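Enquirer: Once you've had a glance at the structure underneath, I'll fire off some questions.
A short reminder: the numbers here are calculations on the coordinates, not readings from a lab. These numbers were taken from a predicted model, which means no experiment stands behind them. Reconstructed Cβ throughout: ideal geometry from the backbone, glycine too, with neighbour counts over all protein chains shown.
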């Protein structure tokens, strides 16, 4: 028979539930544009008649913890035990008349007032951004004045879809291009509301917003010094056009997203290392001569790593993956991290083993939002498995 004390709802439990509503953004949304959620009744688990009889002192202490009612809420009561030990009036629900009351109960009135002012000012930049604020109220509160600046940038991007200038030439009063570079996700979130029809994907931020950019470049390392064009010239950078136009006398390529891994790859006969940098395979996609070369791709073990592999195969179907398997993932549990924004794309160019792992990552089979960055692999493991 269990000797654990009864578990009745405490004011702290109600606070936890209210905090979930705050953290989801619901309370700020309801305080701004009510949808009828309030008045909200949060039911309390209270002592039963049997528990009153066997744990009266404990039950009385619990009831006293609810008196007086917490700030900004009222209590509903119920009569318990009338037919056994005599009627006892106990709290049965905490009721919040409005979202504002639930916010005051949490002690977050100042934050809610700041949000209301930011919401008003954001709508003044562009009324359509009110919809973005309702989608991401805590983001507006978090970024504050920076969100208003980002809104001005997003509106300019919406009105100038193909500016044809370099991003550094953007002239908005009080906006430095470094601000744009450090708030790209915030700006794009607003732009998605302003221009829902505009595609926002792609690696090169400036290019996908219509700005001029320099030519794509490719960095390569000859892992076989004898294959280099000149003695000592084993680490080179060139335009993508030059890479595509001049086939190299090698048998194998290893392309990797991480610079340190690119630099640390060991010597190998007639092998070229290529630095990709995330979705940056644009530099090699037009190199038709790769069709006659063994090409290996080494990326992070996360959904985006497999997405990059899938896209790379759209240009070079024979590309194979290395060190992107379940064995490698499970051997490095101590280094598992979190992928903040997983891809949910349907990928059609993965082999059966790759697709099984990709589906497991999407489903959170091993861990939700799991990511294993390639630079965290133990180097002895890497060296033993490099092709």
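Enquirer: Rounded to two decimals, what is the ratio between the C-alpha radius of gyration of region 322-387 and 2.2 N^0.38 Å?
Expert: Details: Rg = 12.2 Å, N = 66, 2.2 N^0.38 = 10.8 Å.
Computed over Cα atoms of region 322-387, the ratio equals 1.13.
Enquirer: If r is the Cβ-Cβ distance from residue 24 to residue 288 and R0 is 35 Å, what FRET efficiency results, to the nearest 0.05? Walk me through the intermediate numbers first.
Expert: Values: r = 51 Å, r/R0 = 1.44.
Computed FRET efficiency for residue 24 and residue 288 comes out at 0.10.
Enquirer: To continue, here is another question. Just to be sure I understand the model, the point goes 7 Å from the Cα along the line to the Cβ. What's the resulting residue 379 to residue 49 distance in nm?
Expert: Result: 7.5 nm between the two label points.
Enquirer: Over the Cα atoms of region 4-142, Rg to Rh with Kirkwood Rh, two decimal places?
Expert: Numbers: Rg = 19.1 Å, Rh = 16.8 Å.
Result: Rg/Rh = 1.14.
Enquirer: Where Rh denotes the Kirkwood radius from the mean inverse Cα pair distance, what is Rg over Rh for the chain? Could the numbers behind the result be given before it?
Expert: Details: Rg = 29.6 Å, Rh = 26.0 Å.
Ratio value, two decimals: 1.14.
Enquirer: Using a 10 Å cut-off on Cβ atoms, rank the peptides 130-140, 328-338 from the highest mean neighbour count down.
Expert: Details: 130-140: 19.1, 328-338: 14.1.
Per-residue Cβ counts within 10 Å, averaged per peptide and sorted highest first, yield 130-140, 328-338.
Enquirer: Sticking with this structure for a sec: Per residue of the chain, what 222 nm ellipticity follows from adding -39500 (n - 2.57) for every DSSP H run with n ≥ 4, rounded to the nearest 500?
Expert: -12000 deg cm²/dmol
Enquirer: Okay, next question. Run the paramagnetic zone check for residue 212: 7 angstrom along Cα to Cβ, then residues of region 156-173 with backbone nitrogen under 17 Å.
Expert: Flagged as within label range: 161-171.
Enquirer: Looking at the square roots a ≥ b ≥ c of the eigenvalues of the Cα gyration tensor of region 212-299, which shape do they give, rounded for a/c under 1.5, prolate if a/b is larger than b/c, or oblate?
Expert: Taking the square roots of the gyration eigenvalues as a ≥ b ≥ c, region 212-299 is rounded.
Enquirer: While we're looking at this one, here's another question. How many nm is it between the label spots at residue 249 and residue 135, if each spot is 7 Å from the Cα in line with the beta carbon?
Expert: 5.5 nm
Enquirer: For region 109-208, restrict the atom set to alpha-carbon positions and state the Rg and Dmax in Å.
Expert: Here Rg and the maximum Cα pair distance are 13.5, 45 Å.
Enquirer: Mind jotting down the distance between the C-alpha centroids of region 127-146 and region 8-59, whole Å?
Expert: 28 Å
Enquirer: In whole Å, how far is the Cα centre of region 322-361 from that of region 154-170?
Expert: 36 Å
Enquirer: From zero up to wherever the largest Cα-Cα distance of region 1-70 sits, split into 10 Å bins and tell me the percent of pairs in each.
Expert: Taking every Cα pair in region 1-70, the percentages come to 16, 39, 25, 16, 4, 0.
Enquirer: What is the extension gain from residue 318 to residue 346, computed as 0.36 nm multiplied by their sequence separation minus the C-alpha to C-alpha distance, in nm to one decimal? Write out the running numbers ahead of the final one.
Expert: On the way: separation 28, 0.36 × 28 = 10.08 nm, distance 1.95 nm.
Result for the pair: 8.1 nm of gain on full extension.
Enquirer: Can I ask one more? Compute the distance in nm between two label points, each set 7 Å from the Cα along the Cα-to-Cβ direction, one at residue 121 and one at residue 334.
Expert: Label-label distance for residue 121 and residue 334, simple model: 4.8 nm.
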